1. Could you tell me how many of the residues in the stretch 54-85 are more than 17 Å from Ser274 (Cβ to Cβ), of a type in the set (A, V, I, L, M) and outside any strand (DSSP E or B)?
2. Which residues, counting only those in the stretch 44-101, are closer than 27 Å to His285 by Cβ, among the aliphatic types (A, V, I, L, M), surrounded by fewer than 20 Cβ atoms within 10 Å (Cβ to Cβ) and in contact (Cβ under 8 Å) with a residue 40 or more places away in the chain?
3. Can you work out which of the residues in the stretch 108-134 that are of a type in the set (Gly, Ala, Ser) and in contact (Cβ under 8 Å) with a residue 60 or more places away in the chain is nearest to Ser161 (Cα to Cα)?
4. Quick check on the stretch 266-283. Is at least one of its residues at pLDDT 95 or above and touching an Asp or Glu at 6+ places or on another chain (Cβ under 6 Å)?
5. Quick one: what pairs do we get from the stretch 212-224, first residue within 22 Å of Pro255 (Cβ to Cβ), second surrounded by fewer than 12 Cβ atoms within 10 Å (Cβ to Cβ), C-beta under 7 Å, 6+ apart or different chains?
6. Against the conditions (1) outside any strand (DSSP E or B); (2) free of Cβ contacts under 8 Å to residues at least 60 places away in the same chain; (3) farther than 28 Å from His133 by Cβ, where does Pro202 fall short? Just the number, please.
7. Give just the number: which of (1) farther than 15 Å from Val32 by Cα; (2) in a loop (DSSP other than H, G, I, E, B); (3) not hydrophobic (A, V, I, L, M, F, W, C) does His278 not satisfy?
8. Hey, among Ala37, Ala88, Ala46, Ala102, which residue is closer than 22 Å to Met127 by Cα and outside any loop (DSSP other than H, G, I, E, B)?
Amino acid sequence: MKGIRIATAAAIVVCLVLPGVAGAAGVFDNLVLSPRARAMGGAFVALSDDETAIFTNPAALAMQDEIGIYSSYVDLYGYDFFKLGSGAVTVPTGVGTFGIGARYFSTEYDGNELESEYSFVVGQGVMLMEDVHSSLAVGYGLNLYGLSFPTESVGGVDLGSANTFGVDIGVIGTLRGRTRFGFFAKNINNPKLGDPDAKDLPQWFTAGVCYSPYGGVQTCLEIQKQTTEDLRACFGLEFEINDYLTLRGGIQNQPNRISFGFGTGWNMITLDYSYTSHETLPGSHVYGLGIDF
């Protein structure tokens with residue numbers, strides 16, 4: 001009887017919930033886990049100046065000159081059966097800065113895991129040129145993706161698991177110290193998952209620009225295109241109130257959403273929060289904690 005209840009819950013999640021979130025319920029899709037990036041409407045490819053650059057634009061790792069750790073947790077649409085989080089580490093070296101990241105997503109019911117997706121990524125950002133007026137950096141990310149369905153997920157039937165690899169590339173630069181531009185391509189090798197009916201993992205391409213009219217203010221515009229979705233435009237604003245508080249806000253279309261959040265920090269520690277609306281479902285809350293050494 002318990003197996004039947006679990007199988008029924010799995011069917012409900014797949015048939016009712018996942019279509020409602022428009023494909024954004026797993027880390028294999030273009031789902032931003034950084035509370036800072038989400039608060040800015042997802043417009044982050046040209047900024048990406050923290051540890052989460054390993055996910056949004058690995059070229060920006062080149063601009064990180066400290067060892068840093070960052071983790072986030074997403075309260076996705078208020079549904080407690082979704083578990084979604086990430087972690088990232090940056091390590092500067094003599095040849096650019098290396099980054100390591102991990103993302104995890106699972107669906108649970110009645111204490112049982114129905115499905116889980118994970119990805120691990122290692123990457124590097126290298127500065128090609130830098131002077132007092134401008135800079136240019138490139139980067140890459142190598143991803144290991146995994147998808148599994150535990151045996152108990154549908155009443156004892158083993159649905160198996162699968163793994164594959166994906167490759168990311170990024171470019172970021174600055175002009176006159178006030179303007180930043182960025183480009184990011186996800187899964188350029190077109191990875192596939194599953195056997196015998198292999199499915200393409202999502203690919204997307206992102207380009208954006210950020211302009212700082214004066215110190216402590218960033219305005220960012222970004223265009224995103226996922227292979228199976230319409231073109232998306234994102235706009236974000238970040239305003240540093242003082243050394244301890246930064247406010248953020250943003251909008252995007254496809255789907256239409258608004259977002260806001262804040263960041264606060266003291267010495268080595270940073271805390272971030274964001275809220276993102278949804279057209280039909282409850283909004284999502286994202287919490288982040290960072291430590292720089």
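1. Qualifying residue count, the stretch 54-85: 7.
2. Ile69, Ile100
3. Ranking the qualifying residues of the stretch 108-134, first place goes to Ser119.
4. Looking through the stretch 266-283, none of the residues is at pLDDT 95 or above and touching an Asp or Glu at 6+ places or on another chain (Cβ under 6 Å).
5. Ile223/Leu231
6. Pro202 satisfies all of (1) outside any strand (DSSP E or B); (2) free of Cβ contacts under 8 Å to residues at least 60 places away in the same chain; (3) farther than 28 Å from His133 by Cβ except (2).
7. (1)
8. None of the others qualify; the one that does is Ala88.
The values are calculated or read from the model by the stated rules, or taken from the named source; none is laboratory data. Owing to the predicted nature of the structure, the values given are computational and were not obtained by experimental measurement. Backbone-built Cβ (ideal geometry, glycine too); neighbour counts: all protein chains shown.
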